[in-house]
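Undergrad: One structure is given below, represented as structure tokens, and several questions about it will come after.
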Amino acid sequence: MPDNYFDFTKSILDPSTAGQKSEALKGIRVLDLSRVIYGPVVAKWLGLFGAEIIKVEEPEEGDNWRTGTYWAKYWKDSCPYFQSLNPNKYFIAIDVKLPRGRELILELAKKSDVVVENFRAGLVEAWGIGYTQVSKINPKVIYISCCGYGQYGPLKFFPSWDLIAQSMSGVARLTGFPGRDTYKLQDYYGDFFPGICGAMGVMAALNYRERTGKGQLIDMAQAEALMRTMLNWIYISVTGKDLERTGNVDPSMIPSGIFKTKDSNFVGIAIANDKQFASMLKVMNRGDLVEQEEFADTFKRLQEGTAEIINKAVEEWVACHTLGEILSLAQQNGFPAAEVKNDWQLTNDKWRRERGSVVEFEDDMYGKGIWPGVPVAMEKTPGRIKWLTRPIGYHNRYILKKLLGISEDEIKQLEKERVIGYWANRVGQRPPYYYDMQTDPVFNYSGGTNND
Amino acid sequence: MTEKSEKQLVFSKHLTSKATQNHLAEFDKLLVGMMGNVENKGWVIDDIKVIELSDSSFAGIIAAAILAEFGAEVIKVEPPEGDPARKITPYGININGVGLPFIMESKNKYHITMDLKTDAGRDNLSKLIGQADVVIDATKPGYLDSLGIGYRQLNRSRKDLIYLAISPFGHFTGKAESMFNIPDSDLTAQCESGYPYLTGDPKAPEPYNYPIKAGIWAAWYMSAVLAVAGTLTALFHRRRTGEGQMIDVATNDAISGWQGFQIVWGFTNEMPRVRVGNFDWCLFPYGYYEAKDGYITVAASSDADFRGLIKILKRWDLENDWRFLLDRITDDVDKLRDLEKEFKKEFAKYTRQELVKKTLQYGADGARDKLRSKGFPIVVETRTPAEVLKEKHWKVRKSIAEVEHPQLGRFMVPNSIPKMSESPPRIKWIRFGLGEDNELIYKKYGLK
């Protein structure tokens, strides 16, 4: 066994060996009826760790995020954002509004361990594929409904998106400088945070089912997930006042802020405890401050007024040092400091590549790309990307034949009746221009059922 | 319109039929019974014992709290003087020396003290971990290993142990080793995740033009929930195979690793995004504006939604302008500012409630449209937390729990999420005294 701790950890956590290790959720089947971000990432977590994800889309429409890209940016006729949210999934297209379509979805739900949906509250119930209908034919099902405010209560039908949930939860008022513009949490935090909360809920339910054999309904409300992160409720209870936005100061940690360095970079600093504070003052040559009681006592240091004096001193010190100097002093002396990084730095970051949270992945259909990888490293059952997305309906034959034992003739009939379907000839939905579908063995799957 | 029918606005034609309405009324009743009543329900992991060791890092503290809400027996082990996180609190507000975040995340936990600087303390911890299923190590990477109770030592005799490591740069890679002495904070984790870089207005005067951090502990909460999802995944594997493992969460990597758009953007555009004020990078309008009487939030980004909005605002003239019709994206911020100026002018003419009602009614009417071409622009109040507390919906769902504590009296904390019909996470107690459970836990686990 290596002597050095970090050699040991590398030997067990290195993601480059992930392909040879087990998958925690192998054998778990997930029917993913969701679209855009919030629901799809619930299924994404499960898929990263080995579950079989069957994503059902509307023929010739598909997940809205396929065509709703950023800056009209497409990559090989696909939306790169959509690619990043839906790896390792099987893509089938069924029209739920036709009776036979509904039946097919129920047949798939019957054979699934988990169903994920993020339609408006009540819509899946109205279509006959909701929890009450699926649990009748599959009592052990774990059914997660994701919506803005939850499946019951006066606001249940109220519309939601990431930003709307941020507004209805109060979180929208907390970012920005006091007295100036309020800002949203970026890049759809209001979808991704509730999304991982939903995945956590499904994992909890899978554990419970493993112990008891019981399935259940999970009612995941976007706004409630955001409210779970807010200190305001207890703060209001104790002080009678609300917590307002505080710019770059974390009022719980002083000194704290984002400061400009001598070489015009931005550095974040936030001091969590007395030891770190003493280290920081030492490097600043401001040991004098610690001798005064209002600075030495943690709670006094956090009070308004005192906090400003300390932050001012840090601001002036940072302005006289380069980013490199500050980070190396932070490492030597043990206080939290970090560069404010940008997208391009993250994309090229060697550390993230080594961790596996950013991966260069070569896909059979799309070739090489750089993608967000697995956000949590695991020793025995590491997550992994196995394939990217596929055009709408790409796995129709593969799934319907293999799982439901439907014959080629029946599939042709379903196609004719428009119960199942494929992509429209639109960018975001169709295969990459160079790809030959006619010879693709999965798209033209001719095998039979595996009866599991 | 009568008030009753206004309350029941629905926004999909599939929800309007009498039969569906009846079914949904029944479903609602079923849910209130199933979700509203959590007494006597099962617990997800009440067979699991968790030892939490955190040093000034709320990522570990929150992860442990969530596992406790799912029913695990969570024992937080602190040094005799306490985890310094007890003093991390806004403006120094505290109850008997304990800060509000620590109180809020002490849900269902036991608190004991141990002096790991002494042989007796280390023996006790070793003995305690020997009887545990999950160890949360949110201390400095390599610290427990140096005490002889890290994963590589524990794993020799305990193949079923799950070891959850939480730290800024993780417990492996060259960078983790070279930066191991930099402690964790939410703000620095946000910075390393590239998050503040995206927020702010570069045209504002200094320092308001700086990158702006999120006003919640965005990195700590994301890290904590990822850590719990990972732990539950590892527990599921253990239930099937008996095998434990090490899990590694880097708080500096949580937001960027999970949200991932930063990486996608970097891959396709080969440059960083810059701050663009209140614009979104994909959608417009999608942001906060001011109505006559306060902030509103507007989301109307698809072409249909956008058209709906200009119809409601009686600004159909904008539809003729090719610049806005198909191409409302942030690659040309000045163009968007022109359009935004028009919107700002219009929004200022109405009260918040006027805009909310107009758009909701439009959405409900549009839902019945056969061609589904009317769109659904959404305007809501950008609520303050105090306003959120007045919303009846959260009371019906008990989204914010009121708990009782001998020193604090009654106070509010966010309730456990998500709602689950068979084994809901929930709050049993909140207590946070330093070493409060020493006697109980020392006795139960045979510690000295």
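Undergrad: Rounding to the nearest 20 debye, state how big the charge dipole of chain A is about its Cα centre with +1 on each Lys and Arg Cβ and -1 on each Asp and Glu Cβ.
TA: Charge dipole, chain A, about its Cα centre: 1060 debye, nearest 20.
Undergrad: Using only Cα atoms, locate the centre of segment A:72-149 and the centre of segment A:325-341, then give the distance between them in Å, rounded to an integer.
TA: Their Cα centres are 46 Å away from one another.
Undergrad: Let me ask something else about it. Return the average number of partner chain Cβ atoms within 10 angstrom of each residue Cβ along peptide B:13-22.
TA: Going residue by residue through B:13-22 and averaging, the value is 3.
Undergrad: Below 8 Å between Cα atoms, with a sequence gap of 6+, how large is the relative contact order for chain A in percent?
TA: Here the relative contact order equals 20 percent.
Undergrad: Return the whole-Å distance between the Cα centroid of segment B:285-310 and the Cα centroid of segment B:100-176.
TA: Each part reduced to its Cα centre gives a spacing of 49 Å.
Undergrad: Say the cut-off is 25 Å between C-alpha atoms; which of B:Lys76/B:Lys443; A:Lys260/B:Lys87; A:Lys111/A:Lys214; A:Lys136/A:Lys386; A:Lys55/A:Lys416 go over it?
TA: Over 25 Å Cα-Cα: A:Lys260/B:Lys87; A:Lys136/A:Lys386.
Undergrad: Could you give the nm distance between label points at B:Glu26 and B:Lys127, where each point is 7 Å from its Cα heading toward the beta carbon?
TA: Here the answer is 5.9 nm between the modelled labels.
Undergrad: Another question, if that's okay. Put +1 on the Cβ of every Lys and Arg and -1 on every Asp and Glu Cβ in chain A; which of A:Met168, A:Ile105, A:Asn86 then has its Cα farthest towards the positive end of the dipole?
TA: A:Ile105
Undergrad: For B:Lys335 and A:Leu98, what does the FRET efficiency come to when R0 = 45 Å and r is the distance between their Cβ atoms, rounded to the nearest 0.05?
TA: Computed FRET efficiency for B:Lys335 and A:Leu98: 0.55.
Undergrad: Between A:Glu362 and B:Leu147, what is the label-point separation in nm under the 7 Å Cα-to-beta-carbon projection?
TA: Distance between the two pseudo-spin positions: 4.6 nm.
Undergrad: Mind checking the mean number of beta-carbon atoms from other chains within 10 Å of the Cβ atoms in B:408-416?
TA: The per-residue average across the peptide is 5.
Undergrad: Now for a separate question. Looking at chain B, I'd like the Rg to Rh ratio, where Rg is from alpha-carbon atoms and Rh is Kirkwood's inverse mean 1/r.
TA: Radius of gyration relative to Kirkwood radius: 1.02.
Undergrad: To continue, here is another question. Taking amide H atoms as placed 1.01 Å from N in the peptide plane, list the residues 5 or more away in sequence, or in a different chain, whose amide H sits under 5 Å from that of B:Ala291.
TA: B:Ile296
Undergrad: Same structure again: Counting each DSSP H run of 4 or more residues in chain A as -39500 (n - 2.57), what helix-only mean residue ellipticity at 222 nm follows after dividing by all residues, to the nearest 500 deg cm²/dmol?
TA: Value at 222 nm, helices only, nearest 500: -10500 deg cm²/dmol.
Undergrad: Evaluate the distance, in nm, between pseudo-label points positioned 7 Å from the Cα of B:Ser157 and of A:Cys320 along their respective Cα→Cβ axes.
TA: My value for the distance between the label points is 5.4 nm.
Undergrad: How much FRET efficiency would the formula 1/(1 + (r/R0)^6) give for A:Asp263 and B:Lys117, where r is the Cβ-Cβ distance and R0 is 45 Å, rounded to 0.05?
TA: That pair, A:Asp263 with B:Lys117, gives E of 0.65.
Undergrad: What is the projected area of the convex hull of the Cα atoms of segment B:359-448, averaged over all directions, in nm²?
TA: Directional mean of the projected Cα hull area for segment B:359-448 stands at 11.1 nm².
Undergrad: Moving on to the next point. So how strong a dipole does segment B:286-390 carry about its Cα centre when Lys and Arg Cβ are +1 and Asp and Glu Cβ are -1, to the nearest 20 debye?
TA: For this selection, approximately 480 debye.
Undergrad: Here's a follow-up. Please compute the average number of Cβ atoms from other chains found within 10 Å of each residue's Cβ in peptide B:198-208.
TA: Per-residue shielding by partner chains comes out at 4.
Undergrad: By what distance, in whole Å, do the Cα atoms of the protein assembly as shown stretch along each of the three principal axes, largest value first?
TA: Principal axes ranked by extent give 79, 62, 54 Å for the Cα atoms.
Undergrad: Which of the trypsin sites (Lys or Arg not before Pro) found in segment A:1-109 are in a DSSP loop and have at most 13 neighbouring Cβ atoms, other than their own, within 10 Å?
TA: Passing sites in segment A:1-109 are A:Lys26, A:Lys97.
Undergrad: Based on alpha-carbon atoms only, what is the radius of gyration of segment B:286-390 relative to the globular estimate 2.2 N^0.38 Å?
TA: 1.09
Undergrad: For segment B:205-293, with only Lys/Arg (+1) and Asp/Glu (-1) charged at the beta-carbon, what is the dipole magnitude about the Cα centre, in debye rounded to 20?
TA: 340 debye
Undergrad: Shifting gears a bit: What residues from segment A:65-105 fall in the zone where the backbone N is under 12 Å from a label point 7 Å along the Cα-to-C-beta line of A:Arg418?
TA: A:95, A:97-98
Undergrad: Right, something else. Report the calculated FRET efficiency for B:Glu290 and A:Asp274 (r = Cβ-Cβ distance, R0 = 45 Å), to the nearest 0.05.
TA: Working from the Cβ atoms, E equals 0.60.
Undergrad: Using a 10 Å cut-off on Cβ atoms, rank the peptides A:359-365, B:278-284 from the highest mean neighbour count down.
TA: B:278-284, A:359-365
Laboratory data are not the source of any read-out in this text; all were calculated from the coordinates shown. Just so it is clear, the model here is predicted, and its values are computed rather than measured. Glycine gets a Cβ as well: all are built from the backbone with ideal geometry, and neighbour counts include every protein chain shown.
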